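Student: The structure under discussion is supplied below as structure tokens; questions concerning it will follow.
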Amino acid sequence: MNRILSGLFGVLAMVALAGCSSHHHHHGMMSGGKSDAYWQKGQQDMEGLVNRTVTDPDKAKQVNAYVGQIINELKEGREQERAYHRQLYTLNASYDATPEEFSKILNEANIQRMQHSASVLSLRFKMKNLMTADEWKTLSDKMISYSGRYSHGSTGAKTGY
């Protein structure tokens, strides 16, 4: 079970890093088009892995649809996270800001993060249910090896989730 969860986190890391890796290098000053290219690259890589791993073409198509939904969920979550950070930066500039105002933004951000995480987890189980145990293990192993491609030399995967 831990190996399967590790595989899930590997795909999440790969997709999230594909979408936000340049965010860390450009301090959030990335254009939407460039960000979309990273998300698209992550989705293409995942589709290739799924197509090479899932033997039933109809199931592979369904799994790829779930991958797309996961990517959209992660992308939306990342955009919302950035919006919360902007709210915190703005609030921080106010000398009169209260701790309660900061807590409200942080609580909202945490709720949104948990909702996105729960949605991704639900999609993960839908993917898993379409695959055999061997296909899932193979895909998970490949996703873990791919996740290093998106970490830009870091020793661990970073997802923010």
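The values are calculated or read from the model by the stated rules, or taken from the named source; none is laboratory data. Model, not experiment: these values are computed from the prediction. With ligands, DNA and RNA removed, areas are computed over all heavy atoms of the protein, side chains included. Shrake-Rupley method; radii C 1.70, N 1.55, O 1.52, S 1.80 Å.
Student: Please compute the per residue accessible area over region 40-144 with all protein chains in place, 1.4 Å probe, rounded to a whole number of Å². Before the final figure, lay out the partial values.
Tutor: On the way: 6250 Å² over 105 residues.
Heavy-atom SASA per residue in region 40-144 reads 60 Å².
Student: Related question: Kindly report, to the nearest 10 Å², the accessible surface of D134 as traced by a 1.4 Å probe over protein heavy atoms only.
Tutor: Only protein atoms counted, so the area is about 120 Å².
Student: Something else now. In whole percent, and with a 1.4 Å probe on the protein chains, what portion of the accessible area of region 40-144 is carbon and sulfur? Walk me through the numbers on the way to the answer.
Tutor: Working: 3260 of 6250 Å².
Roughly 52 percent of what the probe reaches on region 40-144 is carbon or sulfur.
Student: Oh, and also: Across 10 Å bins from 0, what is the distribution of all Cα-Cα pair distances for region 42-88, in whole percents?
Tutor: 27, 37, 19, 13, 4
Student: Distance check, please: which entries in K104/K128; K75/K128; K61/K142; K61/K137 exceed 30 angstrom between their Cα atoms? Mind showing how you got there, number by number?
Tutor: Values: K104/K128 36 Å; K75/K128 21 Å; K61/K142 18 Å; K61/K137 18 Å.
Among K104/K128; K75/K128; K61/K142; K61/K137, the Cα-Cα distance tops 30 Å for K104/K128.
Student: Right, here's the next one. Can you run the Rg to Rh ratio on region 40-144? Use alpha carbon positions and the Kirkwood inverse-distance Rh. Can you show the working numbers first?
Tutor: On the way: Rg = 18.6 Å, Rh = 15.8 Å.
For region 40-144, the value is 1.18.
Student: So, one more: Length gain on complete extension for the stretch K104 to T132, per 0.36 nm per residue less the alpha carbon to alpha carbon distance? Kindly include the intermediate steps, with their values, before the conclusion.
Tutor: On the way: separation 28, 0.36 × 28 = 10.08 nm, distance 4.38 nm.
Here the segment from K104 to T132 would lengthen by 5.7 nm.
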